[in-house]
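The block underneath contains the structure these notes are about, expressed in C-alpha cells.
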Amino acid sequence: MRGKGRMGTMTPQLAYSMNGLNFQRVFHRPFLCGNDPSLVALTGTKCPMVWPGSVRRDADGSLVLHTVCCGFDHGGFYRANRDTWIVAWRLREDGFVRLVSEDPSKDSVIGTRDTLWRGGELRVNLACRGQATVAVFAPTKPGGLLAPVPGYGHADCEPFTGDSTRWTPTWRGGSLEAFKGRRIAFELRFRDGEAYSLAGNMTPMMWVQVQQYEEACVDPTRPGW
C-alpha cells in the first residue's frame, strides 16, 4: 500500500439535483479545470488538484467560487516545494451551461417540452447580437397536440437584443397569466447568440403526466420527487 493515493488528480464537475438527495452530472468533464490558461498564467504551472471551498453571490449577481489549487498530484504533499494557491473564480449569474448559435447568419431555435404553467411571467437568460423572440404553444383541445397561440407568436413578441439574465418577453396577446393552470410550451428563436436558460413558475411534464393532468386533474408535482 506504499503507493496508495499517489499520482492521482481531482477535478470538480457540475452536478444538479431535483430533490437535494440525488445528484446527476451534466457533463463528465471538469467544470473548473486546472489546465485553464488563465490559471496557468496566474500560477505558472498546471494544477492537477482543484478543490472548491466556498461559493458566494456578489453584489452584481455574479457567483464567486474560492478554490484551493495545487501544482502536485494527489498524495504529493510530502514535497518540499508546496505549490498551492487560493484562487477565486467568477461566473455570471446562471451561466453554467449554454447553447450557442451554429450559424450567426441564421436563426437558432430552441423548443421546450410540455409544461404546466402555474402563473407569473417567463424569464430568459441569453446574450444575442441579433434579435430574439419567444412564441407560446398550447393545445387546441385537452390531450391534443400543441399549436401556436394567436397573439403569442414570434411576430407578436417584442424583440430583444443584448445581454440579460432576466429578459421578460411580452406579447400583443397579453401576459402569461392567461395560461395559468394550462399546458403550454415555449419556442425561443434568436440569432448570433448564446442561450442559458428559460425560467418560470412551471413544471415540465412527460406525456403520461399530461394525460393524467388533463383527464384526471392529477398534479404532476409529487412531494419528495
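The values are calculated or read from the model by the stated rules, or taken from the named source; none is laboratory data. Note that this is a predicted model, so its numbers are computed, not measured. Cβ atoms come from the backbone with ideal geometry, glycine included; neighbour counts cover every protein chain shown. Note: areas computed on protein heavy atoms with side chains; ligands, DNA, RNA excluded. Shrake-Rupley method; radii C 1.70, N 1.55, O 1.52, S 1.80 Å.
Counting Lys and Arg as +1 and Asp and Glu as -1 over every other residue whose Cβ lies under 10 Å from the Cβ of Leu126, the net charge comes to -1. Take every Cα pair under 8 Å whose residues are at least 6 apart in sequence, average their separation, divide by the length of the chain, and the relative contact order is 20 percent. Taken about its Cα centre, the chain carries a charge dipole of roughly 900 debye when the Cβ of each Lys and Arg holds +1 and the Cβ of each Asp and Glu holds -1.
Rounded to the nearest 10 degrees, the angle from helix 207-216 to the longest Cα principal axis of the chain is 40 degrees. Using the Stokes-Einstein relation with a Kirkwood hydrodynamic radius computed over Cα pairs, the translational diffusion coefficient of the chain at 4 °C and a viscosity of 1.567 mPa s comes to 62 µm²/s. Ligands, DNA and RNA left out, the 1.4 Å accessible surface of the chain is 54% carbon and sulfur atoms. Seen from Ala15, the other residues with C-beta closer than 13 Å to its C-beta sum to a net charge of +2, counting Lys and Arg as +1 and Asp and Glu as -1. Straight Cα distances below 18 angstrom link Lys106 to the aspartates and glutamates Glu187, Asp192, Glu194, with same-chain residues fewer than 8 positions distant left out. Charged neighbours of Asp60, selected by a Cβ distance under 10 Å, balance to +1 (K, R count +1; D, E count -1). Ellipticity at 222 nm from helices only: DSSP H runs of n ≥ 4 in the chain, each -39500 (n - 2.57), divided by the residue count, give -2000 deg cm²/dmol. The residues of the stretch 72-221 present an accessible area of 55 Å² per residue when probed at 1.4 Å with all protein chains retained.
Subtracting the Cα-Cα distance of Cys217 and Thr168 from their residue separation scaled by 0.36 nm leaves 14.7 nm.
The alpha-carbon atoms of the stretch 133-225 define a convex hull whose volume equals 122 cubic angstrom per residue.
Dipole of the chain (Lys/Arg Cβ +1, Asp/Glu Cβ -1, origin at the Cα centre): which of Leu188, Pro220, Phe31 lies farthest to the positive side? Value computed over the given set: Phe31.
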